[in-house]
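The values are calculated or read from the model by the stated rules, or taken from the named source; none is laboratory data. Since the structure is predicted, the reported quantities are computational estimates derived from the model, not experimental observations. Cβ placement follows ideal geometry from the backbone for every residue including glycine, while neighbour counts extend to all protein chains displayed. With ligands, DNA and RNA removed, areas are computed over all heavy atoms of the protein, side chains included. Shrake-Rupley method; radii C 1.70, N 1.55, O 1.52, S 1.80 Å.
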Amino acid sequence: YILIKNGAEKGYAHFGVAQRVGTTLEEDGQKGMFKMIEALTVKGTRNFTDSTILQYLKSIDVKPHDVSFSTREDDVTYLIKNIPVANTNTVDSSLLILYNWLNSINIDEEDIRDEAPFVKNALLYEWDASKRLDDKLLNELYPHSCYGMNLREEDILRVENFTSKELRNFYYKWFRPDFQTIMVVGDIDLNLMETKIKSVFSTIQKPLDKQEREYFKPEPFSG
């Protein structure tokens, strides 16, 4: 966890989670799985059924633009900004949201079908002219690199056919404590926040059979 006291905005703090995983880990047939999990974060979790996370954040006056999600090649970040922290219940609930995102997202067939059009459009939107040129360049410089994989039509169509079982297996394979960091920055009591974080997140079980996380370092080339 990373805790930073910053009193610039009295009574407010930002809560987030960062994970050392990303789209380079998606194997053939899995393109879009991290994006699908991102879409499911507000559909329902163990402690927040349906879309009650967004309803709760609205009730404490967190604006829609203060909730952001980022899924990139090597990192996944979920962030809630400007949470009022004077109320202990608000702090506890915000930490519980982070806990649910890291460990307890509901993954079912109906929600996957509902979010499939959004995920397909998001993938197409990200694969713009600049990204296509980057992919072409990377494929030339580093053949077979996971950073230069071109988006194929079958990748887009496959999103509609993700099953809850395979997506759940993917989620628990990569959303693990050894890759995760909790971040709280703002007008907070550092000692109290540390105690709360240890109490809440220590209950997440470490996987018995851990998949090794491969990192891709490009080989230097002449010139």
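Quick notes on this structure:
- Relative contact order (percent, whole number), the chain, Cα cutoff 8 Å, 6+ residue spacing: 36 percent
- When the P(r) is computed for segment 1-79, the part past 13 Å accounts for 74% of the Cα-Cα pairs.
- Each peptide in 51-63, 82-94, 204-216 was scored by the mean count of other Cβ atoms within 10 Å over its residues; highest first, the order is 82-94, 51-63, 204-216.
- Take the Cα of ALA18, go 7 Å toward its beta carbon, and the backbone nitrogen atoms of segment 182-200 under 16 Å from that spot belong to 182-186.
- The loop-placed trypsin sites (Lys or Arg not before Pro) in segment 81-174, going by DSSP, that have at most 15 neighbouring Cβ atoms within 10 Å of their Cβ come out as ARG152.
- Protein accessible area in segment 166-223, 1.4 Å probe - carbon and sulfur %: 52 percent
- Fraction of the pair-distance distribution of segment 52-146 above 23 Å, Cα-Cα pairs, percent: 46 percent
- Distance between the pseudo-spin-label points of TYR1 and ARG213 (7 Å out from Cα toward the beta carbon): 1.9 nm.
- Among the listed pairs LYS5/LYS63; LYS81/LYS210; LYS165/LYS210; LYS31/LYS198; LYS10/LYS63, those whose Cα-Cα separation exceeds 29 Å are LYS81/LYS210; LYS31/LYS198.
- Ligands, DNA and RNA left out, the accessible area of segment 48-106 computed with a 1.4 Å probe is 49% carbon and sulfur.
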